[in-house]
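Only one structure is covered here, and it is reproduced in the block below.
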Amino acid sequence: QVQLVESGGGLVQAGGSLRLSCAASGRTSTNHAMGWFRQAPGKEREFVAAVDWSGAYTGYADSVKGRFTISRDNAKNTVHLQMNRLKPEDTAVYYCAAKFHSLSYYPYEYNKWGQGTQVTVSS
């Protein structure tokens, strides 16, 4: 079984930065696209960013373009989300997810999820 574990969440002041990490364990390979999604209380889960299996192609939600950067380190079986210029509306539980091979913006196409890490941005 493959497990995804997010870390790096916490409390940060608006305008600050935070770096999330997602570590994969178990039976894994480099041939997975990875995505970050977030969900605030009472809100639907929304796409944040994704990176394909090679790391060459990325996609971002309009709300985070220019502020967030997704990257991966296949040697360490990790994916990161660097979040800069954070806003209170970025407050949510952030989830790491995986799917086979190609990048996707759609949560229903991901079949493995982490437990989430809380990000709270204060004003």
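Considering only protein heavy atoms, what per residue accessible area in square angstrom results for the chain with a 1.4 angstrom probe? The partial results should precede the final answer.
Working: 6520 Å² over 123 residues.
For the chain, the per-residue accessible area is 53 Å².
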- Note on the structure: For the range 1-55, the Debye formula with one identical point scatterer on each Cα and no solvent gives log10 I(q)/I(0) at q = 0.17, 0.19 Å⁻¹ as -0.73, -0.88
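So which GluC sites (Glu not before Pro) in the range 38-123 end up in coil per DSSP with only 10 or fewer other C-beta atoms within 10 Å?
Glu44
Calculate the dipole size of the chain relative to its Cα centre from +1 charges on Lys and Arg beta carbons and -1 charges on Asp and Glu beta carbons; express the result in debye to the nearest 20.
Working: 13 positive and 9 negative charges, 35 e Å.
With only Lys, Arg, Asp and Glu charged at Cβ, the dipole is about 160 debye.
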- In sequence order, calculated HN-Hα J values of the range 8-13 (Karplus, 6.51, -1.76, 1.60; Hz; x Gly/Pro): x, x, x, 9, 9, 7
- How big is the charge dipole of the range 33-85 about its Cα centre, in debye rounded to the nearest 20, if each Lys and Arg gets +1 on its Cβ and each Asp and Glu gets -1 on its Cβ? 180 debye
- Go ahead and collect, in residue order, the members of the range 87-123 whose backbone nitrogen is under 11 Å from a label point 7 Å along the Cα-Cβ direction of Gln13. 122-123
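Can you pull the percent of the chain's accessible area that's carbon plus sulfur, 1.4 Å probe, other chains left in place? Show your work: numbers first, answer last.
Values: 3170 of 6520 Å².
Summing carbon and sulfur atoms, their accessible area is 49 percent of the total for the chain.
The values are calculated or read from the model by the stated rules, or taken from the named source; none is laboratory data. For clarity, every value in this text was computed on a predicted model and none was experimentally measured. Positions of Cβ are backbone-derived with ideal geometry, glycine not excepted, and every protein chain shown enters the neighbour counts. Areas reflect the complete protein model, heavy atoms only, side chains present, ligands, DNA and RNA absent. Shrake-Rupley method; radii C 1.70, N 1.55, O 1.52, S 1.80 Å.
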